[in-house]
Amino acid sequence: MKGFVFLLCLLYPVAHANEINIVTEVFPDFQYLDANNQLAGRSVEKVKNALNAAGISYTMSANNWSVSYNAALRDKNTCIFSIVRLPPREKKFVWIAELEEFESAIFGLKSRGIKLKTLHDAKRYKIAVLRDNFSHHYLLERGFNESRHLLLIDNLDKIDKLISARRDILDFVVLSKKQFNYRLKTSPKLNLLEPVLDLNTAQSPLYFACNINMDESLIAKLQFAFRQTSSLN
C-alpha cells in the first residue's frame, strides 16, 4: 500500500488541505452513524480507503439527501455518495466509481391491502419519495408526475409522521429494502408497511460521483485511487 501511495504522489501533486468536500446521507447499511456518531458502513470504508490511499485531504458530512445532492451539483470541489446512476443524472456529475448494488421496492400500508401488478398501476395512487432521491428521479423518468402522483418529503422521519397522523394521504412509499429493514429496528410504525412491488434498480448501482466542474487532474487521481483500492479488496 505504501508503494501505491508513493506512485500516486509521483503521478499527481499532493492535494492541499480540505481539497474535497464529501457529502452523503444516512442510508443504512451502506452508510450510517455508529455509536460514536461517526459515519460508518461498507460504502464509507470504500470511500475512505480510496481517498486516504490517494493522499487527498477531505471533509465528510451527512445531511438530508436534498442538501447533499444540491451541494454536489453546485460546488466545484464536492463529491457525493451513495448516489444512483440514472440517465437524467448522467451529464450532471462525473461518475468516479461504482460502490454497491441495491434493491428497492414500493411499500404500502398493510391495512389498505392495495396490490400492484405493474409500476404503471401505481399511477392511480400517491407515492411518497425523498426529494431528489433515486426514487424521485426514477419515477419521473418513468412518466410519473410530481403534482399528480408524488408526495415529496425531505427526510424519512416524515414517513413515521404520515403513518401516524396523515395515513389518509399516504398510499405508497419507495424505500431500499436494506434501509427499510434497518429502520424497522428503531421505527416500529414501519411494521404497518409491506413491500407490494419490487423496482428494477439492480441496473442502476450506487456510485461515488463528483461535481461536473472538478479539475480533470483531481478526477483522474480519484478514478485511479478507486480502481486500485477496489482491486485490493
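Coordinate-derived values only; no laboratory data. Source: prediction; values computed, not measured. Here the Cβ is made from the backbone with ideal geometry for all residues, glycine too, and neighbour counts use every protein chain on show.
Summary of computed values
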{"quantity": "Per-selection Rg to Rh, the stretch 13-145 - Cα, Kirkwood hydrodynamic radius", "calculated": "1.03"}
{"quantity": "Extended-chain gain in nm, criterion 0.36 nm per residue less alpha-carbon gap, W95 and Q38", "calculated": "18.0 nm"}
{"quantity": "The stretch 94-160: relative contact order as a whole-number percent, Cα under 8 Å and 6+ apart", "calculated": "29 percent"}
{"quantity": "Between 0 and 90°, nearest 10: helix 2-11 axis offset from the chain longest Cα axis", "calculated": "80 degrees"}
{"quantity": "Separation of alpha-carbon centers, the stretch 86-126 and the stretch 171-233, rounded to whole Å", "calculated": "12 Å"}
{"quantity": "Binned Cα-Cα distance frequencies in the chain - 5 Å width, integer %", "calculated": "1, 6, 14, 18, 18, 14, 11, 8, 5, 3, 2, 1, 0"}
{"quantity": "Among N200, I212, T186 the positive-end extreme of the charge dipole of the stretch 147-217 (Cβ point charges)", "calculated": "T186"}
{"quantity": "Within the stretch 146-213: Cβ-based charge dipole about Cα centre, in debye rounded to nearest 20 (Lys, Arg +1; Asp, Glu -1)", "calculated": "220 debye"}
{"quantity": "GluC sites (Glu not before Pro) within the stretch 60-119: DSSP coil, no more than 12 neighbouring Cβ in 10 Å", "calculated": "E90, E101"}
{"quantity": "Whole-angstrom Cα spans of the stretch 126-229 along principal axes, big to small", "calculated": "52, 32, 23"}
{"quantity": "Relative contact order, percent, the chain [alpha-carbon distance under 8 Å, six or more residues apart]", "calculated": "31 percent"}
{"quantity": "Cut-off of 10 Å, at most 16 other beta carbons, DSSP loop: longest stretch of the chain lacking such trypsin sites (Lys or Arg not before Pro)", "calculated": "1-75"}
{"quantity": "GNM result for the chain, Cα springs below 10 Å: residue of A165, A40, A53 fluctuating most strongly", "calculated": "A165"}
{"quantity": "Built amide H within the under 5 Å cut-off of S82, gap 5+", "calculated": "E25"}
